[in-house]
């Protein structure tokens with residue numbers, strides 16, 4: 001798993017994709033920070049985090065679109081699934097590689113927190129912890145969706161579109177639920193990542209929300225392994 005993670009991280013940074021996405025994220029988040037936080041005098045990092053989380057609806061599909069499609073297109077998927085590593089280890093290695101790039105973006109937001117303190121702001125510690133923890137958990141959930149979408153096709157553009165559509169639906173899920181009721185609303189609430197994010201971003205650290213995000217991520221990683229495993233058996 002570590003060998004796969006290392007190889008994929010190197011692949012990200014040997015090509016311009018990681019630098020472009022990190023630079024794009026930093027540019028957009030800096031605009032949000034300058035216009036929405038500094039200019040308004042709102043001395044909280046959570047407002048920024050809540051706004052820029054939507055950026056990942058566009059960035060994550062691009063980040064993950066090649067993670068599995070490239071192996072399938074190049075024919076190296078067969079070599080991977082017949083290697084000593086299990087399919088679960090392969091998927092986890094690739095997931096962690098994408099998550100590593102995400103972590104670089106995540107760590108860059110600490111610059112804004114430092115600027116807030118330099119400017120005399122005093123963000124509440126529980127809100128900062130809750131906001132950053134929620135940011136990490138939502139990021140992991142988004143990446144697991146992107147990796148899953150990448151396992152469905154050998155076309156990177158198609159994988160990005162599938163991932164984008166799913167992430168967009170996840171972001172709009174609360175609005176969709178508001179138009180439903182009964183059992184349907186309860187079923188759809190399972191995919192309501194953002195309602196739980198809002199609670200944690202407000203400093204409400206609920207263990208059930210943390211378990212929910214970890215479970216959500218684990219489910220999509222499991223589904224990815226099932227897709228690859230099914231394809232392996234269908235190909236003999």
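Key figures
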| read-out | value |
| --- | --- |
| Checking residue 159 against (1) farther than 23 Å from residue 100 by Cα; (2) touching a helix residue (DSSP H, G or I) at 6+ places or on another chain (Cβ under 6 Å), the condition it does not meet | (1) |
| Residues that are in contact with a helix residue (DSSP H, G or I) (Cβ under 6 Å, 6 or more places away or on another chain) and closer than 15 Å to residue 196 by Cβ, drawn from the stretch 117-156 | 130, 131, 134, 135, 137, 138, 139, 140, 141, 142 |
| Residues within the stretch 188-208 that are free of Cβ contacts under 8 Å to residues at least 60 places away in the same chain, assigned to a loop (DSSP other than H, G, I, E, B) and more than 28 Å from residue 88 (Cβ to Cβ), tallied | 1 |
| Residues of the stretch 107-129 satisfying the condition of being surrounded by 13 or more Cβ atoms within 10 Å (Cβ to Cβ) and in a loop (DSSP other than H, G, I, E, B) | 109, 121, 123, 124 |
| Qualifying residue in the stretch 27-34 (condition: over 19 Å from residue 62 (Cβ atoms), at pLDDT below 85 and either in contact with a strand residue (DSSP E or B) (Cβ under 7 Å, 6 or more places away or on another chain) or surrounded by fewer than 16 Cβ atoms within 10 Å (Cβ to Cβ) (or both)) | yes |
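For every residue, the table says whether it meets (1) buried (at least 20 other Cβ atoms within 10 Å of the Cβ); (2) part of a helix (DSSP H, G or I).
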residue: 150; (1), (2): yes, yes
residue: 153; (1), (2): no, no
residue: 161; (1), (2): no, yes
residue: 171; (1), (2): no, yes
residue: 186; (1), (2): no, yes
residue: 210; (1), (2): no, yes
residue: 215; (1), (2): no, yes
residue: 219; (1), (2): no, yes
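The values are calculated or read from the model by the stated rules, or taken from the named source; none is laboratory data. Only a predicted model underlies this, so the values are computations on that prediction, with no experimental measurement involved. FYI the Cβ positions are ideal-geometry reconstructions off the backbone, even for glycines, and counts take in every protein chain you see.
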